[in-house]
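Shown next, in C-alpha cells, is the structure this report addresses.
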Amino acid sequence: MLLEWIKQKSYINGQWLDAADRSVFSVHNPFNQELIGNVPNLGAVETLQAVDAAHVAFEDWSKQTASYRSNLLRKWYDLQITHADELAHLLTLEQGKPLKEAKGEILYGASFVEWFAEEAKRTYGDVIPSPSADKRIITLKQPIGIVAAITPWNFPNAMITRKVAPALAAGCTVVLKPSEETPLSALALAALAEQAGIPAGVFNVITTNQASLVGRVLSSHPLVKKLSFTGSTAVGKLLLQQCASTVKKVSLELGGNAPFIVFDDADIDLAVEGAIASKYRNAGQTCVCANRIFVQAKVHDAFVERLSDAMKQQKLGNGLEEGVTIGPLINEKAMQKVERLMADALDKGARVLIGGKRHEQFNNFYEPTVLTHATPKMSISEEEIFGPVAAIYTFQTEQEVTALANTTPYGLAAYFYSRDISRVWRVAEALEYGIIGINTGLISTPVAPFGGMKESGIGREGSKYGIEEYLEIKYLCLGI
Ligand code: ADP
C-alpha cells in the first residue's frame with residue numbers, strides 16, 4: 001500500500017520526472033520482500049539537470065530574507081507532523097523497523113526542520129575590534145551554494161532532514177540522492193516540500209541505483225560547493241577524494257565502533273536499559289549502536305544475566321504489527337556480514353549465551369544475540385556489526401578500558417555508566433569520540449552537535465553548529 005500523494009517519480013526543478021530512458025528500479029519490503037514500488041533510475045544526464053535547476057533556484061533563494069525561508073521550513077515541518085503516521089507507515093514498509101521506532105524517526109526528522117527554521121534567523125556575523133584606527137572589520141555569513149546530499153537507508157527520513165533543513169535555512173539549494181533501498185521516504189519529503197511552497201529547484205531528489213555514477217557527477221561538478229554524506233567509511237573516503245578536484249567543503253558522517261562501558265559502580269539496571277536502547281534499536285543497524293560492550297569484572301555476570309533476560313522479552317516480526325520490537329536486517333548482504341563476524345568470533349573463543357543464528361521462521365532476521373568472552377582479536381571488535389549482536393568483553397581497570405575503547409580508527413559515539421563524578425569527567429575527557437553518552441544509551445537530539453572524530457567523519461549536524469556547515473564566512477575590511 002503506497003500513499004496516494006507519493007509519486008513514484010524523481011523530483012527535479014519542481015517537476016515529477018521519469019528517467020530519460022524510462023528505466024526504473026524496484027523497492028521491496030525487507031520483512032517479506034514484497035514489491036512496494038518502482039522509481040526512476042536516473043543517470044548522469046538527469047543529475048546534471050538537477051544541478052542546473054539548483055543553480056538557477058539559488059539565485060533567488062539565497063537572496064530571500066531569513067524569515068521568508070524560515071516560514072517555508074516551518075510549513076514543511078507542520079506538514080510532516082500532520083502526516084507523521086503515514087510517513088511512519090511508509091518508512092516501516094521500505095525499511096522494516098517497528099512502527100513505533102519509525103514514528104520516532106519521523107518526529108526526530110521533523111524536529112531538525114523545526115530547529116533550523118528557527119536557526120535560519122540566527123546566522124550572525126561579527127564586528128571585530130580593528131587593530132588600526134582607519135579600518136573597520138566585519139564578518140558576514142553567506143550560503144555556500146549548491147549542496148549535494150547522499151544519505152543511507154538506516155534512517156531514510158531523519159538523515160535527509162538533518163542535511164536539507166540546515167542547507168535550506170542557510171540559503172543553499174540541494175540535490176539529494178537517497179539510498180536505493182529507501183527512496184520512497186525521500187520522495188514523500190519532496191512531496192511535502194512542494195505542498196509547503198518551497199520553490200522549484202530549491203530541493204531536488206534523484207532516485208537511482210547507480211550510486212557511484214551519480215556520486216561522481218555530484219562530487220566533481222564545479223557548481224556543487226558542498227557535499228554532505230552519511231554512510232560507510234569506504235564510500236565516504238572515496239567521495240572525499242572525488243571532492244578534492246574542486247575543493248568542495250565536505251561533511252561526512254561515517255561508520256562507528258561504539259564502546260559501551262559498564263563500570264562496577266554503575267547502576268546495572270540503568271546500564272542494561274541503555275544497552276538495549278543503544279544496541280538493538282533498528283535491529284542494531286545504526287552508526288551509534290553499542291558495538292563493543294566492556295563490563296568490569298565484578299559486575300560482569302550480573303550485567304550479562306540481566307541483559308539476556310531483557311533480550312528474551314524482545315519480539316521479532318513485521319514492524320507494522322503491534323508489540324514487535326525488532327525488525328529485519330535490511331538485506332541478505334547485511335545478514336552475511338553478521339554471520340561472518342559471528343563465525344570468526346566463535347572460532348576465536350567467544351561464547352553464545354542467547355541467539356547466535358539466523359531466525360528459522362523469518363527471512364532476513366538474525367536472532368537477538370548475547371555473546372560473551374569477546375576479545376580485541378576478533379573481527380567483531382574492529383568492524384561495525386550492524387546487527388542485533390551484543391558482544392561482551394570484560395576488563396579490570398579504568399585505564400585499561402579507556403585504552404581499549406580508543407583502540408580503533410573510529411570516533412563517533414561512546415557510552416559509559418558510572419556514578420563516580422571524578423571518573424565521569426576523567427573518562428569523558430579521555431574517550432576520543434565526538435558523542436559521549438554518560439548513564440544513557442540515547443544521545444540523539446536536534447539541539448546537540450552530532451558527528452565523529454578520527455575516521456568517523458568531518459563536521460557536525462544539528463545544534464547551532466549544524467548550520468555553519470552550509471555557510472561561508474566573508475570578512476569585510478572597510479577603510480574609513
Ligand atoms: P551502506 O553500506 O550502509 O549501505 P553506503 O555507504 O554503501 O552504506 O551507502 C550510503 C549511501 O551512499 C547510499 O545512498 C548509497 O547509494 C550511496 N553510495 C554507495 N556507493 C556510492 C558511491 N560510490 N558514490 C556515491 N554514493 C554511493
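Structure notes:
- A straight Cα-to-Cα reach below 16 Å connects LYS75 with the lysines LYS121, residues fewer than 8 places away in its own chain not being considered.
- Compared with the dominant principal axis of the Cα atoms in the chain, helix 66-82 is inclined by about 40°.
- Exposure proxy for CYS287, CYS243: other Cβ atoms within 10 Å of each Cβ, ordered fewest to most, give CYS243, CYS287.
- Amide H within-cut-off set for THR375, under 5 Å, with H built and near neighbours excluded: none
- Ranking of TRP76, TRP61 by neighbouring Cβ atoms within 10 Å, starting from the fewest: TRP61, TRP76.
- The string of couplings for region 427-441 from the Karplus curve (6.51, -1.76, 1.60, θ = phi - 60°) is 5, 4, 6, 7, 6, 8, 9, x, 10, 10, x, 10, 6, 7, x Hz, one whole number per residue in order, with x for Gly and Pro.
- Segments 208-214, 369-375 sorted - mean Cβ within 10 Å per residue, highest first: 369-375, 208-214
- Reference-scaled alpha-carbon Rg (2.2 N^0.38 Å with N residues) for region 108-195: 1.44
- On full extension, the segment bounded by ALA133 and ALA448 gains 109.4 nm, given 0.36 nm per residue less the C-alpha separation.
- Mean Cβ neighbour count within 10 Å, used as a protection proxy, ranking 419-425, 440-446, 153-159 highest first: 153-159, 440-446, 419-425
- Cα gyration tensor shape for region 258-445, rounded if a/c is under 1.5, else prolate or oblate: prolate
- Considering only region 272-418, percent of DSSP beta bridges that pair antiparallel, nearest 5: 35
- Label point 7 Å beyond Cα of SER232 along Cβ direction - residues of region 144-173 with amide nitrogen under 19 Å: 150-156
- Ranked by how many other beta carbons lie within 10 Å on average, peptides 276-282, 217-223 from highest: 276-282, 217-223
- Only beta bridges with both residues in the chain are counted; by DSSP, about 45 percent of them are antiparallel.
- C-alpha long axis of helix 183-196 to longest principal axis of the chain, angle in °: 40
- Oblate is the label for the chain, because a/c, from the alpha-carbon gyration tensor with a ≥ b ≥ c as root eigenvalues, is 1.5 or above and a/b does not exceed b/c.
- In this structure, the amide hydrogen of LEU353, modeled 1.01 Å from its nitrogen in the peptide plane, lies closer than 5 angstrom to those of VAL370, LEU371, THR372, counting only residues at least 5 positions away or on a different chain.
- Nearest 10 degrees, 0 to 90: helix 84-95 Cα axis against the chain principal axis: 60
- Packing-based exposure ordering (other Cβ within 10 Å, fewest first) of ARG74, ARG69, ARG351: ARG351, ARG74, ARG69
Coordinate-derived values only; no laboratory data. If you're wondering where the values come from, they're calculated on a predicted model, not measured in any experiment. Quick reminder, even Gly has a Cβ in these numbers, built from the backbone with ideal geometry, and neighbours come from all protein chains shown.
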